[in-house]
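The values are calculated or read from the model by the stated rules, or taken from the named source; none is laboratory data. Bear in mind the structure is a predicted one, so any value in this text is a computation, not a measurement. For neighbour counting, all protein chains shown are included, and Cβ atoms are generated from backbone atoms with ideal geometry for every residue, glycine included. These accessible areas exclude ligands, DNA and RNA; they are computed on the full protein's heavy atoms, side chains included. Shrake-Rupley method; radii C 1.70, N 1.55, O 1.52, S 1.80 Å.
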Amino acid sequence: MTTQDTPHTPRGPRWLQRYTQLAPTRRNLTVSAYVIAASFADGFGIATLLPMIAVLGDRSAHHSALANTMLEMLHKVGIAPDPRILLGLVVAGTLIKAVLILLSLRQIGYAVADVTAKLRVQLVNGLIGARWSYYVSHASGRFSNALSDEATKAGQAYSAAMLMLSQIIQAVVYIGIAALLSWKLALFALLVSAIMLGSLNRFVQTAKRNASIQTRLLRTVLERLSEVLLGIKPLKAMARDGHVVQLFKKDLGDMQNAARRQVFASNANRALQEPIIALCLAFGIFAALRMLNMPLGEVIVMSLLLAKTALVVGRSQQQLNELHSSEPGLKSVQRTIAETLRAADPPGGGATPRFTRRIEFDDVSFAHGKRPTLQHVSVVLESGEVAIVTGPSGAGKTTFIDLLLGLYVPGSGEVRVDGTSLRALNRTQWRRQVGYAPQEVILFHDTVTANLTLGEAGITAQDLEDALRDAECWQFVQELPEGMDTVVGERGGALSGGQRQRLALARALVRRPRLLILDEATSALDPATEAAVIANIRRRATRDGVTVLAVSHHPAWVREADRVLRMQAGRLSIAAPGDTHA
Ligand SMILES: Nc1ncnc2c1ncn2[C@@H]1O[C@H](COP(=O)(O)OP(=O)(O)OP(=O)(O)O)[C@@H](O)[C@H]1O
Ligand SMILES: [Mg+2]
């Protein structure tokens, strides 16, 4: 998922690879180059302090090899050992460092925005491209969380990793300069760094553990929230909302505790760094002056180097904290994206479906998990006929339809359209020929028009009116406050159940499909309205040659059918005359 976006998998430690491969290699290299240059500019500024101190009168500083080397170097490039010029160089080194660090931060900022946006696009693409069964088995709250919180955390994780890397680079440069001054000093700087990392590691681990707990709980809470909001009506109606609140309270309480522990650990880490640095410095200065008899000039530079090293090591540890708190989000969103890609709708073949003759189920069996749902279903639907599927609840009627739509793939057997297997057909083109009204109607929180067209261009006002009239909703849509432009509410909640169902029917009709699939699409209508809708559909079928496959138990449909199929415990039989193919 991420490696394919960069031409080469970057080398380096595993933790670093995980983050650097989030952004293009060029961006990572630019950031590193800025930081390396900045560190050298800074190091140069600090090292220039030595000749400056020497020139200012500390005789002993002349004994320092580094001070002499610096003076010789400056002499070679024609810079006089004037204290003001040297001071200028110290200031210049610091300023150049500041500018370069700013430039690197800007690059990191761009990369964070890119990383977040890219993950979001991958997530949306993966999600919309997933097969039907994937949605059935995952709560939608998880995806909202991945898109908002986890994608943001992924960006933060990248930022923390790059900042940590830049601090490590700075520490290495400082220790390098310290080594030029004295290997003992370099060793001491390493020791100080190790003390800081070791003594504060406990807090880093605590912060990590609690960040992970919060990420997990937030996902659970959001998953539950989306579920609860979908089914809030019965919960309220039967006074079970209090129970749900208790469930939330428990998780939110646990999150609160985890947040407390995490924040304390992060802040304790930050707070304890300063005394550790101060103690190490005091000890270092004492040892340098008393035990090593180092010249004062060198001790000043040494202290500065030590303080800077300890500071960047401390900051890198804070970034590690930051990394740990955002890493679970990154991992989670990456896992979700990978999962959606694994669950991608099978692409189908390249054959163009025509459907002018027949649809054929040839010995089709299918199981949801281990339990067989459809068993050896064989039937032929002739183009232009009206077929009804009846049968008890749970018999497999909706599954039969889902197989025809290619939402599920048969475990064995074959579904064919005009003799070509559905597997070989171009899936998009096949579904374009279908008008489908599902058993459970959910409209979008949008206008009537938008709910009917679903963004499809080329649907005319006449198409809309015809569909609305045939679905017996023209009248009530006219009476809505803003007619076709009325927003129907969340999931269509501003309409009655029967009105929603009729709009879903109009949506199936408006694209003038070759195959109309209706799954209990008139179950909420009164007999008179249902009879009118059925008559309109029959007229369409005769006029336009539309094939209708309707699941229903209602006698009105059965009377109108050319053929009645009966589904019983996953087996299909012909229940009415008119069939010669099954
Ligand atoms: N996603 C799923 N995972 C597991 N089992 C499923 C799934 N969808 C349906 N089933 C099971 O498959 C069987 C057939 O379901 P299906 O929805 O096809 O029945 P149906 O005939 O349409 O029923 P109804 O008239 O109640 O709508 C049922 O036993 C159901 O529990
Ligand atoms: Mg059903």
Filter pass, L225 being outside the structural domain of I442 (by TED's automatic domain parsing), in contact (Cβ under 8 Å) with a residue 60 or more places away in the chain and surrounded by 15 or more Cβ atoms within 10 Å (Cβ to Cβ): yes
Looking at V487, V477, V558 in this structure, which one is in the same structural domain as V448 (by TED's automatic domain parsing) and touching a Leu at 6+ places or on another chain (Cβ under 7 Å)? V477
Residue hits (region 517-536; open to solvent by 10 Å² or more (accessible area, probe 1.4 Å), of a type in the set (A, V, I, L, M, F, W, C) and within 16 Å of ligand 2 (Cβ to nearest atom)) are A524
Assess whether S144 counts as being in contact (Cβ under 8 Å) with a residue 24 or more places away in the chain and either open to solvent by 60 Å² or more (accessible area, probe 1.4 Å) or closer than 30 Å to L229 by Cβ (or both). yes
When you check R240 against the structure, is it in contact (Cβ under 8 Å) with a residue 40 or more places away in the chain, over 30 Å from T48 (Cα atoms) and not aliphatic (A, V, I, L, M), yes or no? no
Breaking point among (1) more than 16 Å from ligand 1 (Cβ to nearest atom); (2) under 30 Å from L495 (Cβ atoms), for Y436: (1)
Of the numbered conditions (1) under 30 Å from S39 (Cα atoms); (2) among the acidic types (D, E); (3) within 16 Å of ligand 2 (Cβ to nearest atom), E322 fails exactly one; give the number of that condition. (3)
Under 8 Å by Cβ, and 6 or more places apart or on different chains, what pairs join a residue from region 422-445 that is within 16 Å of ligand 2 (Cβ to nearest atom) with one that is open to solvent by 40 Å² or more (accessible area, probe 1.4 Å) and among the charged types (D, E, K, R)? V441/R500; I442/R491
Can you tell me how many residues in region 289-302 are at pLDDT 80 or above and either acidic (D, E) or closer than 22 Å to V55 by Cα (or both)? 5
Just to be sure before I move on: is R357 in contact with an Asp or Glu (Cβ under 7 Å, 6 or more places away or on another chain), surrounded by fewer than 19 Cβ atoms within 10 Å (Cβ to Cβ) and of a type outside the set (S, T, N, Q) in the structure I sent? yes
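Rundown of residues vs (1) within 16 Å of ligand 1 (Cβ to nearest atom); (2) touching a residue at least 60 places away in the same chain (Cβ under 8 Å); (3) under 23 Å from S226 (Cα atoms), yes/no style:
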{"residue": "I85", "(1), (2), (3)": "no, no, no"}
{"residue": "L95", "(1), (2), (3)": "no, no, no"}
{"residue": "Y110", "(1), (2), (3)": "no, yes, no"}
{"residue": "S148", "(1), (2), (3)": "no, no, yes"}
Looking at R423 and the list (1) surrounded by 15 or more Cβ atoms within 10 Å (Cβ to Cβ); (2) touching a strand residue (DSSP E or B) at 6+ places or on another chain (Cβ under 9 Å); (3) under 28 Å from R540 (Cβ atoms), which single condition is not satisfied? (3)
Please find, within region 537-555, the residue that is farthest from ligand 1 (Cβ to nearest atom) out of those that are open to solvent by 20 Å² or more (accessible area, probe 1.4 Å) and outside any loop (DSSP other than H, G, I, E, B). R543
Considering only region 556-570, how many residues are open to solvent by 10 Å² or more (accessible area, probe 1.4 Å), away from ligand 2 (no atom under 16 Å from the Cβ) and of a type outside the set (A, V, I, L, M, F, W, C)? 3
How many residues are at pLDDT 95 or above and near ligand 1 (Cβ under 8 Å from one of its atoms) when one looks only at region 355-372? 0
So how many residues does region 381-409 have that are more than 18 Å from V558 (Cα to Cα) and away from ligand 1 (no atom under 14 Å from the Cβ)? 2
Checking S104 against (1) closer than 25 Å to A338 by Cβ; (2) hydroxyl-bearing (S, T, Y); (3) open to solvent by less than 30 Å² (accessible area, probe 1.4 Å), the condition it does not meet: (1)
Are there any pairs with C-beta distances below 6 angstrom linking a residue in region 113-139 that is open to solvent by 50 Å² or more (accessible area, probe 1.4 Å) to a residue that is of a type outside the set (D, E, K, R) and within 16 Å of ligand 2 (Cβ to nearest atom), with the two at least 6 apart or on different chains, and if so which? W132/L407
